[in-house]
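These notes are about the structure you will find just below.
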Amino acid sequence: MARELKVLNALDAAKTQWYHFTAIVIAGMGFFTDAYDLFSISLVTKLLGRIYYFNPASKTPGSLPPNVSAAVNGVAFCGTLAGQLFFGWLGDKMGRKKVYGMTLMLMVICCLASGLSFGSSAKGVMATLCFFRFWLGFGIGGDYPLSATIMSEYANKRTRGAFIAAVFAMQGFGNLTGGIVAIIVSAAFKARFDAPAYGDDRAGSTVPQADYAWRIVLMFGAIPALLTYYWRMKMPETARYTALVAKNAKQAAADMTQVLNVEIVEEQEKAEEVERRDQFGLFSRQFLKRHGRHLLGTTVCWFVLDIAFYSSNLFQKDIYTAVQWLPKADTMSALEEMFKISRAQTLVALCGTIPGYWFTVFFIDIIGRFVIQLGGFFFMTVFMLGLAVPYHHWTTPGNHIGFVVMYAFTFFFANFGPNSTTFIVPAEIFPARLRSTCHGISAAAGKAGAIVGSFGFLYAAQSTDASKTDAGYPPGIGVRNSLFFLAGCNVIGFFFTFLVPESKGKSLEELSGENEDDDNVPEAPVTADHRTAPAPPA
């Protein structure tokens, strides 16, 4: 019956219109904020260490202790995981629109609060920062399933992949903007409050005003989210939720008549039949039979992808230092170090991250999700092995630029690959009543991988030589062996991709099997429906 509802047919067949681009911007700005907030912390962690963990007797600048660094970097991911599960489920229960506003306001409030973290000691400041970043992550978590689901349910089937990918591509601009804001803030503070290098003046290398710099960077993320709140609240509920979950096909037709500027009148008998349909739940045998392997594929692929993606992204600054692309910390002041870390990460975002996202936007509805994800995992494996096998070569003077180029290609194929498709496909292949929940589960598996990457890589990437590890860390397996491990994660993702169906050019109801429900109705009810069919004309 889903395929016979005029409102859903109208959405699938609709030409690309202004409302599509409006939806991309409204949903995309949430993702812009998500990316900014999640990755901006990596730009200021070195500065936090210098400010709050300065030791005048140490030859090296202060750095966050292992447990504090792991908490500051990873606590937002813990919140995101919880938010993805909770708001994903709530989006199927209350509707996409209602929950969408909740997540955005939570993000805005906690983003501002993160920058206002208070305390009279280092422990107090870090504790309040972690508290607010957990709840910031909780709000961000809700944005994942809701943004993807709303965009997939608004889009036509011909260009749906590009529209969802465009929403996700805003993550690249969030990363880039985070780097640009950190560059501007650090450069402005450095120009106004210049300081000597740590090696020349240990205490004087970190000016008191630097404590404002990291707060401004974190708080800036609230601005784009706040600007889109009004427009989010004006969006009507998606027609697929209203018709198939809330079972009000007439209201769905009325909403989409305004959006599409086309008169849609839903037939009463079809609307009533949608209301009578029995629907299986997430933990039913029928769901396991139809979508069990799909959910396994989306969760495992997202899990292993995020281990590799987030461990590399969050710790770019450490990798750059290892290959001597950044100067030694004691040769820079605190604000100069923040500036150079931000500049390096901005360059990678500009050259490797953003192009990959937009390649996906342009090609996903041409070559399909399956090929892009498979190819992405393959080339990520190739380039990570290309970094790991001759790692000694890359760390010798004169070869550092080559390392950065290879590293940027890894990010390019992550974004023109599984980092985009793992977000897109779960929003397409599950039934409307479980779409947000299943996307939330898949995304939460990804964030579990991000937690493994962000916590585990801190320890794993430490040198095997105890004398060369960062303060407070035990010896690890080294960057080279860590890269081998991440390449292995990509191989696992490559093979689990085969569990996920291709969704290019198909309607959501065809992919989710909601059309099959109608084909497999027992004979008796079908006969009864045929008998009542002439009733409306009578």
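The values are calculated or read from the model by the stated rules, or taken from the named source; none is laboratory data. The model shown is predicted, which means the values in this text are computed figures rather than measured ones. For neighbour counting, all protein chains shown are included, and Cβ atoms are generated from backbone atoms with ideal geometry for every residue, glycine included. In case anyone asks, the SASA skips ligands and DNA or RNA and just uses the protein heavy atoms, side chains included. Shrake-Rupley method; radii C 1.70, N 1.55, O 1.52, S 1.80 Å.
Run the accessible area of the chain with a 1.4 Å probe and give the carbon-and-sulfur part as a rounded percent.
Details: 13850 of 20870 Å².
On the chain, the fraction of accessible area on carbon and sulfur atoms equals 66 percent.
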What does the accessible area of His393 come to, in Å² to the nearest 10, when a probe of 1.4 Å is used?
-> 90
Would you mind pulling out the separation of the Cα centroids of region 235-262 and region 161-220, in Å?
-> 43
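Decide, for the chain, between rounded, prolate and oblate: order the square roots of the alpha carbon gyration tensor eigenvalues as a ≥ b ≥ c, take rounded if a/c falls under 1.5, and otherwise choose prolate if a/b is larger than b/c, else oblate.
Working: a/c = 2.53, a/b = 1.95, b/c = 1.29.
Cα axes put the chain in the prolate bin.
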Relative contact order of region 5-118, defined on C-alpha pairs under 8 angstrom at six or more residues apart (%) | 17
Distance between region 426-480 and region 14-62 - C-alpha centres, whole angstrom = 17
Quick one: helix 222-234 against the long Cα principal axis of the chain, what's the angle to the nearest 10°, folded into 0 to 90?
-> 10
Give me the lysines in straight-line cross-link reach of Lys15: C-alpha distance below 23 Å, same-chain residues under 8 apart excluded.
-> Lys6, Lys157, Lys234, Lys250, Lys504, Lys506
Rounded to the nearest 500, the 222 nm mean residue ellipticity computed for the chain from DSSP H runs (n ≥ 4, each -39500 (n - 2.57)) alone is -23500 deg cm²/dmol
Label-point separation in nm, Thr464 to Arg158, each point 7 Å along Cα→Cβ = 5.8
Amide proton proximity set for Thr238, modelled H, under 5 Å, gap of 5+ | Arg96, Lys97
In whole Hz, with x marking every Gly and Pro, tabulate ³J(HN,Hα) for region 483-491 from phi via Karplus 6.51 cos²θ - 1.76 cosθ + 1.60, θ = phi - 60°.
-> 5, 4, 4, 5, 4, x, 4, 5, 5
Might you tell me the accessible area per residue for the chain, computed with a 1.4 Å probe and given in Å²?
-> 39
Estimated inter-spin distance, Thr395 and Lys250, nm [label 7 Å along Cα→Cβ] | 7.2
